[in-house]
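Please read the structure below before turning to the comments.
Every read-out reported here was derived from the displayed coordinates using simple, explicitly stated rules and does not represent laboratory data. Model, not experiment: these values are computed from the prediction. In this analysis, Cβ positions are derived from the backbone assuming ideal geometry, glycine residues included, and neighbour counts consider all displayed protein chains.
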Amino acid sequence: MRPAPFGYQLASDLIDASQACARGAIPLAGGQSLIAAMKSRQMTPELLVDIGELRDLRGISIESKRIRIGALTRHCDLIESELLKEKVPWLCEAASLIGDAQIRNRGSVGGNVCFADPRANLPPVLISLNATAVIGSSESSREVPIENLFQGFRENALVAGEILLAVEFDVVEGQKGSYRELSPQLNGVPLVNVSVSSGNTIGVGVGGLNSCPLRLIRVEEALVDGIGPALEAFDGEAFEPLEDLQAGAKYRIKVGRVLLRRALEEVLN
Amino acid sequence: MQFRLNGGDRKCKVSPRTLLVDVLRDECGTTSVHIGCDEGICGACTIFLDGESVKSCLVLAVQAEGKDVETLEGTGSGKELDVVQQAFGEEFALQCGFCTPGMVVSARALLKNNPNPTDQEIRAAMVGNLCRCTGYQNILKAVKKSAEKLQSG
Amino acid sequence: MADQEEQPSPKSPWVGRSISRREDERLLRGAGRFAADENVPGQLHAAILHSPHAHARIVSIDTTAAEAMPGVEVVITGQSSLDLWQPLPPSVDLVDMRLPESYALATEIVHYAGEPVAAVAASDPYLAQDAVNAISVSYEILEPILDRRKAIEPGSPLVYPDWPDNRQCLWEFSFGSVDEAFEKAEHVVSRDVAAHRYSAVPMEMRALVSRFDPVREELTVRVSTQIPHQARTILSWIFGLSENNIHILAEDVGGGFGNKLQLDVEPIPILLSIMSGKAVKWVERRDEWLTSAPASRDFEHRIEGAFSSDGALLAVRDHLIGDVGCDGAVRAGGAGALLVAGTYGPGPYKVQRYSTKVEIVVTNKAPYGAYRGFGKDVANLAMEFLMDEGAKSVGLDPLEIRRRNLVDNYPYEMATGPLIESGSFLSCLAKVEKAMDLPALKARQKAGLVDGKYFGYSVISVLEPSAATIPNSLFTGYESATVRLSPSGDVTVLTGMMHIGQGIETAAAQVTADLLGVIPESVRIVSGNTDSVPYGLGSFSSRGATYGLSAIHDAALVVRKKLLKAAANLLETDVTAVEIADGFATVIGAPEKTLSIPEIAKAVYFFPGPYIVLPDEKEPTLEAQAVWTNPQVSWTPDVHGRIRMYPAHASGAQGATVTVDPETGQVVVEDLWIAHDSGKMIHPKIVEGQIIGGTIQGFGGVMMEQLAYDQDGNMLSQTLADYQLPNFLSAPPVHVLHGEVNSPVTPLGTKGVGEAGAIGTPTVLMMAVENALTPLGVSVASSPLTPERVLKMIDGEKV
């Protein structure tokens, strides 16, 4: 299908973009999720503000052991980053499983995060890395733990005028991590995905088990006592996964547990 | 909007919701760019945008403003087939030909970035292009042959 | 007696060689002309409104808002168009099939979610879509009938109130003393097995550009179809236009696989062009395709076999129930597939006591059509599982029980009537067995789990009938060709076949080049043009290599004879002393006495002309037309009421290796093998490509493709995210092992090729997974083998 009619504006700078968002515009970056949703008319925004030319939002850098990934960084750039390949290769792994080469040439980290689909690849990894979302508007800026950005199915917690500027996380020497997913076919949209990162503490993020990506806090806490208790904590959670033709809720929870166990075993052993 | 298509300048009247694939097919006559789905999965619409392979059904025409678009119609000089196209023919990597333009673009994109790909790298790089006729086996052979030919110069 | 020996064919210059494909010259340049590639100045664009309900009465349709929208020129509904066209004609009418009266737009009752109910023609496709969205329909929702078993229970609500029940057709057949054999047999086994609903889903959806000239009453339609001539006839019947004033143009088609053998939705945009007097273009969306294009498979068997103590298959009883959605006879012709399933129930085995009951059931789902396999896959699934059950009961190796029962004497008349003209089932099986190295696989399995995964494998036999000739249908049995050698010495072949990716243009050029002594590059193939090509039946049932090429062969032979005569006259020698090759006619043994074919042609037509060059020839132009029918076809029922519809039978065998992750249910297919003998291979690489393609389609179908409905009859598979098509990473390697035992009944020794992989792959994979999970006691009785379903099977849950 084709999208319903909408207005389009090309943002000249961040303030311009922010003001458009304050008027109700939705930011357009790579468009790989947004345009697809608009074509099926699942989304019918009235105004799009194209932030694709905002160079400041691109780039990967490190300062004082804190990595910053600009929101407009494309997945293909994330995968090629020597810095990320060295420090957090499982983040690159998750990115490499997004869609396909064409989609990764356009899709951005910010888009993958802000579209807030529960099955997105990057959120579980970023959650497990204790990442922070750096948010800005023409008025102000703030930082929140990335898991707080997800409010519901394809609903993010940005308020009018706000744009995700970057994600940041600390790197710890000797840090290990794992990203695992189960999709109908390789490189498809996952049914469920899990990421575990060991740093100063162990972070656990999952997708596909609720209407948005989750941090499994109780699992993280129980890990002090070992993998067994951690899995019991998982069993005690009340998940409400999406259901579709590929699988029902019961299957996703079951496999989520298997992937979690395998990821924990990989990281902790 | 204005953009460059296969080396020539184009000016098209579009609305914000016009997709790049529609402008290319309906306004510019580059019908090698095909539509095989509505959700950006099949890859039959794959083209080069500023030298990178993208799915033109997931790009608004306005997003191509000032950019360089290359489709299969812009191949080579005159009527010559390039290495990739020749290899596709030699390895019988096409049957109905509907997915072929997108496949060729993706193959070219891969070989630009990775001139010596392994089988698995080829499969992963081209997973965004679906084919219903060939079962992919001969396409893999064609891309490998292209890589060998390009390497040996 | 063992299989027939493979005889090396006499060497021919072009047939048998894998030359470059003629089609590639344009397709590789992106210069193919697919139906949606045409743009006519001033054209309108059609969009269709589909019913969101599976079973409903249309109470009212309000099109006023749509009519008022900018750019909208025509809006139609089922009621408003009632006087403008006829109901859809039947695709197939056999065995007292019940034929529902259906118009292209639903008139009162909607029978499936996705059925077209209204349509718009507007100045651009975006506006057309907006206008369709503005049409408001009021429905009275009726109870949908969705379960094929419940549908045939007494008292079930009816899909068609004027039918006594929900069966479109019921066919029962019996041959030999079946019951007696079962009573006396040492081993009686049975097996339930089913397949889910999936279909061809080619990359190109339906598309057309239709133009109507009201002064000449002339209709021209460029369309994506496998059947250009039948399309013309169907439109003549639907619109009451003279068939000689309808022109169908089909150039490049982006895959068909059987799914483009009907025109049930196409009349809608065509009507819009007739009404508007303007060109109307319709390009179907993917969700429209998935919801309304013909479905396939979706059946269940209970099969029983009686075996002797040494594993001889004595008798077979089969009960087959198939779900043809709202219709498998008019809107699309898939009901025929279930009859084919019954007819080929015995498979490639020597069993002369056979009975079948085939129940073809209607439900409120999309129409049911042809898809690669067309019932041979249905037969294969039941019979191969039965052979394995027999092997277990008798205590024989699965390959050994097959060896003891495979047909090995030709021609072989099946219990159901078909005559298997030649074959090599035993050697195909042996080839797969050897290539797989079964002892090594057995050892690997015995060694236990690796990485926590179970390993499994299986081997089956495959019978691949082709070139169906169905009485009382649009798919009867003849094919036409015209071969013309021009005064300039180049050749044009008009063929009633349709190019849909299967390489028919190349094969046709090879056959013609061999016979006329020219090179394939000088042969131009014309197909898909109903004005120029004599009436043909298009591409279905893998009939190209038999019907298509045989007609071309016969026509080319006539031209060849005249060409040789002319050459002999010009070279002043006897006809038997001339050979033609590579564009020249030469006296054998005297290479300096030669003339080019262009020179000879020019001499025949003009300088000096026919009365000198072909003095005794009543028809001295170098052109001929031929129509080919297959002598093996018989539509006259024999004393047992049997007819012979399929004249060609290829032999095959398949094997598969898989691993299964018992924690996630994921199945990885490691390798697929397929041994295949389809008679003479005109172009080995094209044959191989067809086999691999069909195999991966079978793989996709059984593993991941689903046309699924919810409990209200809504189609859940609306996108390619729902309907998973195998991608580059999932498709396993396919090892093709060729054999070539010529057919004794076709001029080139060809049989049909193209469906084998689709026929046997679902079977061999279901069996391989069952084999892998034997330690867990899992029985794989249905598909798809998605991770969720496999995990349920492992956990002993109902699937």
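Computed values, structure above
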{"item": "R0 of 51 Å, Cβ-Cβ distance A:GLU155-C:GLN625: FRET efficiency to nearest 0.05", "result": "0.15"}
{"item": "Counting DSSP beta bridges with both ends in the stretch C:465-567, the antiparallel % (nearest 5)", "result": "55"}
{"item": "Residues whose placed amide H lies under 5 Å from that of C:ARG197, excluding near-sequence neighbours", "result": "C:ASP298, C:LEU707"}
{"item": "Shape call, chain C: gyration tensor on alpha carbons, a/c limit 1.5", "result": "oblate"}
{"item": "Model label zone, B:ARG4; criterion: amide N under 17 Å from point 7 Å along Cα-to-beta-carbon; scope the stretch A:32-59", "result": "none"}
{"item": "Shape box of the protein assembly as shown [Cα atoms, principal axes, largest first, Å]", "result": "99, 76, 70"}
{"item": "Whole-Hz couplings from phi, Karplus 6.51/-1.76/1.60, listed for the stretch C:515-527; x for Gly and Pro", "result": "6, 9, x, 10, 9, x, 4, 8, 10, 9, 9, 10, 9"}
{"item": "Pairs of Cα atoms farther than 20 Å apart, chain B, %", "result": "46"}
{"item": "Cα-based reach from C:LYS392 at 27 Å (exclusive), listing lysines while leaving out same-chain residues under 8 positions away", "result": "C:LYS184, C:LYS350, C:LYS357, C:LYS376, C:LYS431, C:LYS434, C:LYS442, C:LYS446, C:LYS453, C:LYS792, C:LYS798"}
{"item": "Long-range amide H partners of C:ALA56 with built H, under 5 Å", "result": "C:VAL110, C:LEU142"}
{"item": "Longest exposed-site-free window of chain B, the sites being GluC sites (Glu not before Pro) in a DSSP loop that have at most 16 other C-beta atoms within 10 Å", "result": "B:81-153"}
{"item": "Peptide-level mean, for B:15-22, of C-beta atoms on other protein chains within 10 Å", "result": "5"}
{"item": "Karplus-derived 3J(HN,Hα), 6.51/-1.76/1.60, for each residue of the stretch B:27-43, Hz, glycine and proline x", "result": "8, 9, x, 8, 7, 5, 7, 10, 10, x, 6, 10, 10, x, 9, 6, x"}
{"item": "Reach of B:LYS11 by Cα under 20 Å, taken over aspartates and glutamates that are not fewer than 8 positions away in the same chain", "result": "B:ASP22, B:ASP26, B:GLU27, B:ASP50, B:GLU65, B:ASP68, B:GLU70, B:GLU73, C:ASP124"}
{"item": "Cα convex hull volume per residue for the stretch C:478-628 (Å³)", "result": "104"}
{"item": "Dipole in debye (nearest 20) - the stretch A:176-268, about Cα centre, beta carbon charges: Lys, Arg +1; Asp, Glu -1", "result": "200"}
{"item": "Principal axis dimensions, largest first and in whole angstrom, of the stretch C:387-471 by Cα", "result": "55, 28, 22"}
{"item": "Under-5 Å amide H pairs with C:ASP671, H placed in peptide plane, nonlocal only", "result": "C:THR657"}
{"item": "Cα centroid separation - the stretch C:132-210 against the stretch C:701-758, whole Å", "result": "21"}
{"item": "Whole-Å distance, taken between Cα centres, linking the stretch C:499-564 and the stretch A:1-17", "result": "55"}
{"item": "Dipole in debye (nearest 20) - the stretch B:83-152, about Cα centre, beta carbon charges: Lys, Arg +1; Asp, Glu -1", "result": "80"}
{"item": "Euclidean distance of C-alpha centroids, the stretch C:589-656 and the stretch C:430-455, integer Å", "result": "49"}
{"item": "For chain B, built as a Gaussian network whose Cα springs stay under 10 Å, the top-fluctuating residue of B:VAL69, B:VAL127, B:VAL21", "result": "B:VAL127"}
{"item": "Only Lys, Arg (+1) and Asp, Glu (-1) charged, at Cβ; the stretch B:37-153 dipole about Cα centre in debye", "result": "340"}
{"item": "Max mean-square fluctuation residue, GNM over chain A, Cα-Cα springs under 10 Å, options A:PRO124, A:PRO27, A:PRO45", "result": "A:PRO45"}
{"item": "Relative packing of peptides A:11-23, C:180-192 - highest average C-beta neighbours within 10 Å first", "result": "A:11-23, C:180-192"}
{"item": "Residues C:GLU186 and C:GLU143, FRET efficiency given R0 of 56 Å [Cβ-Cβ distance, rounded to 0.05]", "result": "0.70"}
